[in-house]
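To keep things clear, I will list the structure first and then write my remarks on it.
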Amino acid sequence: MGDETKVAGVGPCVRCGAPAVALVRSTGDHLCAAHFVASVERRVQETIERTGMIRDGDCIAVGLSGGKDSSVLLYLLSHLLRDRPAVRLVAITIDEGIAGYREETMKAARSLAADLGVEQIVVSFEDAFGSSLDAFLRKPADPHPCTLCGVLRRRALQTAARRAGATKLATGHSLDDEAEAALMNVLNGDLKRIVRTGIPGDAFVPRIKPLGEVPEKEVTLYAVVQGLFLPLPECPYAGRALRSEARGILSSLEYRHPGTTVQFMEGYTTLREEVARCLEEKGDLEEGGFGRCEECGEPATGRRCQACALLASLAGE
Ligand SMILES: [Zn+2]
Ligand SMILES: [Zn+2]
């Protein structure tokens, strides 16, 4: 009881008494726009400092799709790092080639990078793989659009980040994205995958997720308050079966029992460390154990990397 009646926008800001626009569920505080912005920025700053994910001398490649989460990420990083000239930012935008959807978000990505004065590198699926996502999906072999898109986009981002001389690759994943992926790993029962997400593997440009402790709703509200929110179209290929159900379960739990997501992620992190220790004792841990893909030389866990395997299946091999 009680939690359900807490509605954002009701009651004054606990810091200054101005009308509140947000309820920060992790603390139960109602905050006005200015104090909400400060609260998100302080928490992201704390995440960055506590984890040491960004250090002087780093070149941070930010995956910028032009959607809400990655726009908030680039905006926040350029803001939080403005007094750190020893850290360089570069935005990388992958144009998957999705007609009627990507044009608008590409435009949003370009204008944000330009406004913030951040160098932007644009790579299309066409350039990287010889074909747009739309064209790939017209072929008879049909991997799930989101699987194909995700694997190829991650590959294109990694390659572009490495070419740009980046030392880290930052993505806009929120707490909810992380929890959703964690729950998927648990539901799929793949212990090695649970552990692998925790191993950076030095063959890759290490990934960082500065928004990983901020709930999705707060990322959205931050975008609205900072004027970064654009009513952009939805991806025509969206809709992700088990994954979207996992998200639904988490958000209804969070609604009825605030703090569940944070608790779950704390437990998951402990579980991951324990699983890694057990596998190591059994001598069964592929510690950063990536070999090289026989075809493209990129890191792979088998003979072929996931991207080459998918491209081969599309070519009818
Ligand atoms: Zn206030
Ligand atoms: Zn490969």
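The values are calculated or read from the model by the stated rules, or taken from the named source; none is laboratory data. These numbers come from a predicted model, not from an experiment. Quick reminder, even Gly has a Cβ in these numbers, built from the backbone with ideal geometry, and neighbours come from all protein chains shown. Ligands, DNA and RNA are stripped out before the accessible areas are found, and what is left, the full protein with its side chains, is counted by its heavy atoms. Shrake-Rupley method; radii C 1.70, N 1.55, O 1.52, S 1.80 Å.
Tabulated values for the structure
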quantity: 1 or more residues within 22 Å of Pro231 (Cα to Cα): qualifying helices (runs of 4 or more DSSP H) within segment 68-156; calculated: 68-80, 102-116
quantity: Some residue of segment 236-243 being in contact with a Ser or Thr (Cβ under 9 Å, 6 or more places away or on another chain) and either open to solvent by less than 70 Å² (accessible area, probe 1.4 Å) or basic (Lys, Arg) (or both); calculated: yes
quantity: Segment 119-136, residues that are open to solvent by 20 Å² or more (accessible area, probe 1.4 Å) and touching a residue at least 12 places away in the same chain (Cβ under 8 Å); calculated: Glu119, Gln120, Ile121, Val122, Val123, Ser124, Glu126, Ala128, Phe129, Ser132, Asp134, Ala135
quantity: Top-ranked residue in segment 298-317 [being free of Cβ contacts under 8 Å to residues at least 60 places away in the same chain and hydrophobic (A, V, I, L, M, F, W, C); ranked as farthest from Ala160 (Cα to Cα)]; calculated: Ala315
quantity: Close pairs (7 angstrom Cβ cut-off, 6 or more residues apart or separate chains): at pLDDT 85 or above in segment 233-254, in a helix (DSSP H, G or I) anywhere; calculated: Leu250/Asp176; Leu250/Ala179; Leu250/Glu180; Leu250/Leu183; Leu250/Thr261; Leu253/Thr260; Glu254/Thr260; Glu254/Thr261
quantity: Hits in segment 255-265 - residues which are without any contact (Cβ under 8 Å) to a residue 24 or more places away in the chain and either among the β-branched types (Val, Ile, Thr) or in a loop (DSSP other than H, G, I, E, B) (or both); calculated: Thr260
quantity: The one condition in (1) surrounded by fewer than 17 Cβ atoms within 10 Å (Cβ to Cβ); (2) modelled with pLDDT under 95; (3) among the charged types (D, E, K, R) that Glu41 fails to fulfil; calculated: (2)
quantity: Pair list, Cβ < 6 Å and 6+ apart or interchain, from segment 41-53 residues that are within 20 Å of Ala223 (Cα to Cα) and in contact (Cβ under 8 Å) with a residue 12 or more places away in the chain to residues that are open to solvent by 30 Å² or more (accessible area, probe 1.4 Å) and among the charged types (D, E, K, R); calculated: Thr47/Glu213
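Per-residue answers, yes or no, for (1) more than 15 Å from ligand 1 (Cβ to nearest atom); (2) of a type in the set (D, E, K, R); (3) farther than 30 Å from Pro236 by Cβ; (4) touching a helix residue (DSSP H, G or I) at 6+ places or on another chain (Cβ under 7 Å):
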{"position": "Arg25", "(1), (2), (3), (4)": "yes, yes, yes, no"}
{"position": "His35", "(1), (2), (3), (4)": "no, no, yes, no"}
{"position": "Ala38", "(1), (2), (3), (4)": "no, no, yes, no"}
{"position": "Glu41", "(1), (2), (3), (4)": "no, yes, yes, yes"}
{"position": "Asp58", "(1), (2), (3), (4)": "yes, yes, yes, no"}
{"position": "Ser71", "(1), (2), (3), (4)": "yes, no, no, yes"}
{"position": "Asp83", "(1), (2), (3), (4)": "yes, yes, yes, no"}
{"position": "Ala86", "(1), (2), (3), (4)": "yes, no, yes, no"}
{"position": "Ile94", "(1), (2), (3), (4)": "yes, no, no, yes"}
